[in-house]
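Here the structure comes first, spelled out in structure tokens, and everything after it is commentary.
The values are calculated or read from the model by the stated rules, or taken from the named source; none is laboratory data. None of these values were measured; they are calculated from a predicted model. Methodologically, a virtual Cβ is constructed for each residue, glycine included, from the backbone with ideal geometry; neighbour enumeration extends over all protein chains shown.
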Amino acid sequence: MEFVHAFNGFRGIAFINVLIDHYTYVNCILDIGQFGVAMFYVLSAYLLTGQLYKQYLEKNQINICNYWIRRFFRIYPCLMLALFCEYLTGRLTNYQIWNIFCLTGIVGFYWAIYVEMRFYIIVPLIVVIFAKIRNFILKFSLMLALFLLGFFYHFYLNFMVDEPRGFRRWDIDDYSFEKNIVFINYIPIFLVGSFMSIIVYHLKKFKHNFNSFPILKGLFILFISLIHGPIIYYRCMHGINTFWGLPFSNFNFIFCTGYVIALMFMNGKNFMTSFYQSKIISFFGDISYPAYLFHTIVREFTFKYWGWNSGQGFHLFLCFLITVALSYLIHITVENYFIKKTKFWCIKQITTPKEEVLTPREENMYKNLHINNPKSINTPNAENLYKKPIGDDKNDLEISLGLIENKF
């Protein structure tokens with residue numbers, strides 16, 4: 001899948017949502033971080049599914065080994081550095097650090113990595129299933145059915161269950177069934193991103209014009225980027241966890257549907273795409289992963305050892321600056337280094353080039369030019385033939401080719 005610069009800005013906005021939530025706790029009422037995590041999830045599913053889906057349709061296979069090598073070098077180098085810092089500061093126990101590393105426990109904000117790594121397991125399965133379905137009506141009908149099923153399932157886990165926050169549980173570091181429910185709760189969100197990626201792939205194959213209606217598409221992206229603001233304001237003012245009788249987690253799922261439509265519109269040009277491509281927003285997208293891992297470590301370290309006050313806006317702003325500087329340093333020294341190393345560790349896939357079939361007209365042209373084995377030339381076009389002149393005069397080939405073309 002071709003790289004869209006606006007996606008990097010989308011990732012930056014997601015991180016800013018998480019940062020605002022974790023640096024400005026309002027008695028667990030604001031909870032804007034859930035929107036940021038949902039944006040991360042739909043974008044991750046969109047990109048991964050698009051890459052594997054294209055690879056499978058073009059090569060009829062998925063290189064699982066290379067897929068996991070890339071995922072490992074994308075996630076674990078920065079994660080291991082963060083866990084080492086957690087060990088030095090003593091913020092987490094050795095048991096918790098081990099559970100995070102092995103992805104066997106949900107501890108603090110590391111729950112997001114726990115959930116995403118499990119989704120990586122089912123991405124190839126999703127790709128193979130939908131790539132095997134050749135009938136477009138059947139394929140998109142199955143997507144719609146799974147989308148509706150996921151919505152009602154998500155609604156049940158977050159609202160019908162007798163829990164104040166549904167099954168959105170964070171600090172579960174044992175092997176209970178409830179811990180696995182946290183992952184299942186987010187499967188519909190990942191599926192929305194995967195489905196939209198498949199739809200966009202086929203739209204591109206059908207030469208769909210993504211640049212049409214730029215103003216309307218830009219307004220939609222602006223709307224979906226700001227709509228949760230009034231809802232959060234309502235939540236803070238009334239201090240309740242529901243809106244119109246529905247849990248806010250269900251609005252999170254509805255927003256994810258809007259997010260993936262916005263991702264589709266970002267494939268074209270509009271004023272919001274230009275905003276997401278801006279350098280400052282893209283910068284936050286570049287450092288989003290190390291910043292997600294280290295922003296809480298920086299906050300807790302400065303508050304505990306330097307005596308900073310979480311209620312002081314100036315101290316929070318300094319924490320933000322330190323987090324950005326540290327994250328940028330880790331991004332250019334650790335994250336980028338290991339991402340580049342994936343090219344060394346990935347297994348090169350040997351593909352046999354297809355033999356080019358010459359048309360009768362091309363075969364006659366080669367015969368008249370006294371070429372005995374026309375199939376030995378890789379590219380049978382005039383540009384390639386000019387590089388191999390026949391006869392003493394270099395213009396003989398050009399003249400001969402012109403005479404031959406006039407005969408047809």
**Asked** Hey, among the residues in the stretch 117-155 that are at pLDDT 90 or above and not hydrophobic (A, V, I, L, M, F, W, C), which one's nearest to I198 (Cα to Cα)?
**Response** K139
**Fill in**
Residue pairs qualifying under the 6 Å Cβ cut-off, at least six apart or on distinct chains, with the first in the stretch 53-64 being over 14 Å from I126 (Cβ atoms) and the second being modelled with pLDDT under 85, are N63/Q349
**Message:** It is to be established whether one or more residues within the stretch 51-65 are within 29 Å of I330 (Cα to Cα) and of a type in the set (D, E, K, R).
**Reply:** no
**Request:** Could you tell me whether the stretch 83-103 includes any residue that is charged (D, E, K, R), assigned by TED's automatic domain parsing to the domain that holds Y337, in a loop (DSSP other than H, G, I, E, B) and over 21 Å from H228 (Cα atoms)?
**Result:** yes
**Message:** So if I check each of V37, V42, V18, V4, which one is at pLDDT 80 or above and in contact with a His (Cβ under 9 Å, 6 or more places away or on another chain)?
**Reply:** V18
**Message:** Between N66, N60, which is under 21 Å from L103 (Cβ atoms) and among the polar types (S, T, N, Q)?
**Reply:** N66
**Asked** Name the residues in the stretch 247-263 that are surrounded by fewer than 18 Cβ atoms within 10 Å (Cβ to Cβ) and either under 17 Å from E116 (Cβ atoms) or at pLDDT 90 or above (or both), would you?
**Response** I261
**Message:** I390 - would you say it is surrounded by 13 or more Cβ atoms within 10 Å (Cβ to Cβ), at pLDDT below 70 and either touching a Cys at 6+ places or on another chain (Cβ under 7 Å) or not assigned by TED's automatic domain parsing to the domain that holds D21 (or both)?
**Reply:** yes
**Fill in**
Being touching a residue at least 60 places away in the same chain (Cβ under 8 Å) and among the aliphatic types (A, V, I, L, M) narrows L216, L191 down to just L191
**Request:** Return the total of residues in the stretch 260-297 being more than 17 Å from T333 (Cα to Cα) and in contact with a Phe, Trp or Tyr (Cβ under 9 Å, 6 or more places away or on another chain).
**Result:** 18
**Prompt:** Which of the residues belonging to the stretch 134-145 are surrounded by 14 or more Cβ atoms within 10 Å (Cβ to Cβ) and either not assigned by TED's automatic domain parsing to the domain that holds F40 or not basic (K, R) (or both)?
**Reply:** F140, L142, M143
**Prompt:** Would a scan of the stretch 96-106 turn up a residue that is within 16 Å of the chain's Cα centre (by Cα), surrounded by 18 or more Cβ atoms within 10 Å (Cβ to Cβ) and under 24 Å from Y186 (Cα atoms)?
**Reply:** no
